[in-house]
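Remarks on the structure that follows.
The values are calculated or read from the model by the stated rules, or taken from the named source; none is laboratory data. The structure presented is a predicted model; accordingly, all values stated were derived computationally and were not measured. We place every Cβ from the backbone using ideal geometry, glycine too, and count neighbours over all the protein chains shown.
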Amino acid sequence: MTGDARAVVGAVRVITPTVSLGSVDTLIQHPASLTHRILAAPDRQASGISDRLLRMSVGLEDVEDLWTDLDQALTTHPEENHP
């Protein structure tokens, strides 16, 4: 399965894309392009940080709003997020 994690981060509407994960809001980040971007791809992979990895910190929003947001983000660019 292939996918563009950055496209998913860019497509969320309720969830906030961010570098910091410490809020009452639901946050999402793409570690390979933020916190681990200075590492070479092989080093990131060896550390378990794939280009498709997304990190989320779930906040206090309604769970159905979060599921809806993730669903629309994952289906916005189906050719990029699914085989």
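Numbers at a glance
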read-out	value
Cβ-Cβ under 7 Å pairs, at least 6 apart or on other chains, segment 53-70 side closer than 15 Å to Pro17 by Cβ, far side among the basic types (Lys, Arg)	Asp69/Arg13
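Yes or no, residue by residue, for (1) surrounded by 11 or more Cβ atoms within 10 Å (Cβ to Cβ); (2) assigned to a loop (DSSP other than H, G, I, E, B); (3) among the basic types (Lys, Arg); (4) at pLDDT 85 or above:
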{"position": "Gly10", "(1), (2), (3), (4)": "yes, no, no, yes"}
{"position": "Gly22", "(1), (2), (3), (4)": "no, yes, no, no"}
{"position": "Ile28", "(1), (2), (3), (4)": "yes, no, no, yes"}
{"position": "His36", "(1), (2), (3), (4)": "yes, yes, no, no"}
{"position": "Ile49", "(1), (2), (3), (4)": "yes, yes, no, yes"}
{"position": "Arg52", "(1), (2), (3), (4)": "yes, yes, yes, yes"}
{"position": "Trp67", "(1), (2), (3), (4)": "yes, no, no, yes"}
{"position": "Thr75", "(1), (2), (3), (4)": "yes, no, no, yes"}
